[in-house]
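Undergrad: First the structure, which I've put down as structure tokens, then a few questions once you've had a look.
The values are calculated or read from the model by the stated rules, or taken from the named source; none is laboratory data. These numbers were taken from a predicted model, which means no experiment stands behind them. Here the Cβ positions follow ideal geometry from the backbone for every residue, glycine too, while neighbour counts run over all protein chains shown. These accessible areas exclude ligands, DNA and RNA; they are computed on the full protein's heavy atoms, side chains included. Shrake-Rupley method; radii C 1.70, N 1.55, O 1.52, S 1.80 Å.
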Amino acid sequence: MRVCGVEIKGNDAVICLLSMKDEVFDIPDCRVRKITLDKTSSGEALRVFQFAFAKLMSDYKIDKVIIRERPTKGKFSGSAIGFKIEATIQLIDNLEVALVTSVAIKEHIKKNPISVAFVDTGLKSFQESAFSTAYGYLMHSYYSE
């Protein structure tokens, strides 16, 4: 299974591709690390963002996109722009998308710890949250009770 973990920060969708086959993980090279929504008030900009994201997922044959869910209220609540990005991704035709809470991700990683230090993955530090989102989801889907 090949998934794409997504963390939405401001007007960026930070991504990390991760695949698992026969209980072996692979972090495929990707031409981008994040996709930015320019001109956040423009409907055309949303369509451009959606097309770019959909094309990336198609090119890398992603089975499922996992978005780290953000709270709607409180100190760490998501921004309006972030929710636009989330909705734009969810509305891509023929793309399976799941929202996963930070608490659920932490629980899955606690049950099945990451066996490699993040610095050894070759990813940039800003991708750590997207990586843990994808890893936590894969752990849950493979080893759920």
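Undergrad: Residues Lys73, Lys84, Lys110: which one is open to solvent by 100 Å² or more (accessible area, probe 1.4 Å), of a type outside the set (Phe, Trp, Tyr) and in a helix (DSSP H, G or I)?
TA: When all the criteria are applied, what remains is Lys110.
Undergrad: Suppose we filter Asp63, Asp22 for residues that are open to solvent by 40 Å² or more (accessible area, probe 1.4 Å), within 13 Å of the chain's Cα centre (by Cα), of a type in the set (Asp, Glu) and farther than 22 Å from Ser125 by Cα; which single one remains?
TA: Asp63
Undergrad: From Arg2, Arg31, which residue is under 24 Å from Met139 (Cβ atoms) and open to solvent by 40 Å² or more (accessible area, probe 1.4 Å)?
TA: Arg2
Undergrad: Hey, can you tell me all the residues within region 34-51 that are over 21 Å from Leu123 (Cα atoms), open to solvent by 30 Å² or more (accessible area, probe 1.4 Å) and of a type outside the set (S, T, N, Q)?
TA: Asp38, Lys39, Gly43, Glu44, Leu46, Arg47, Val48, Phe51
Undergrad: Within region 83-110, restricting attention to residues that are aliphatic (A, V, I, L, M) and without any contact (Cβ under 8 Å) to a residue 24 or more places away in the chain, which residue is farthest from Asp59 (Cα to Cα)?
TA: Top of the filtered list is Val103.
Undergrad: I need every pair where a residue in region 59-82 that is in contact (Cβ under 8 Å) with a residue 12 or more places away in the chain and closer than 18 Å to Val103 by Cβ has its Cβ under 9 Å from the Cβ of a residue that is in a loop (DSSP other than H, G, I, E, B) and open to solvent by 40 Å² or more (accessible area, probe 1.4 Å), sequence separation at least 6 or different chains.
TA: Close Cβ pairs satisfying both conditions: Arg68/Thr101; Glu69/Thr101; Arg70/Phe76; Arg70/Ser77; Arg70/Ser79; Gly78/Glu69; Gly78/Pro71; Gly78/Thr72.
Undergrad: On the phi < 0 side of the Ramachandran plot, assigned to a helix (DSSP H, G or I) and touching a Lys or Arg at 6+ places or on another chain (Cβ under 7 Å), is that true of Ser129?
TA: yes
Undergrad: For region 113-134, give me each residue that is open to solvent by less than 40 Å² (accessible area, probe 1.4 Å) and either among the polar types (S, T, N, Q) or over 19 Å from Phe25 (Cβ atoms) (or both).
TA: Scanning region 113-134 gives Thr121, Gln127, Ser129, Ser132, Thr133.
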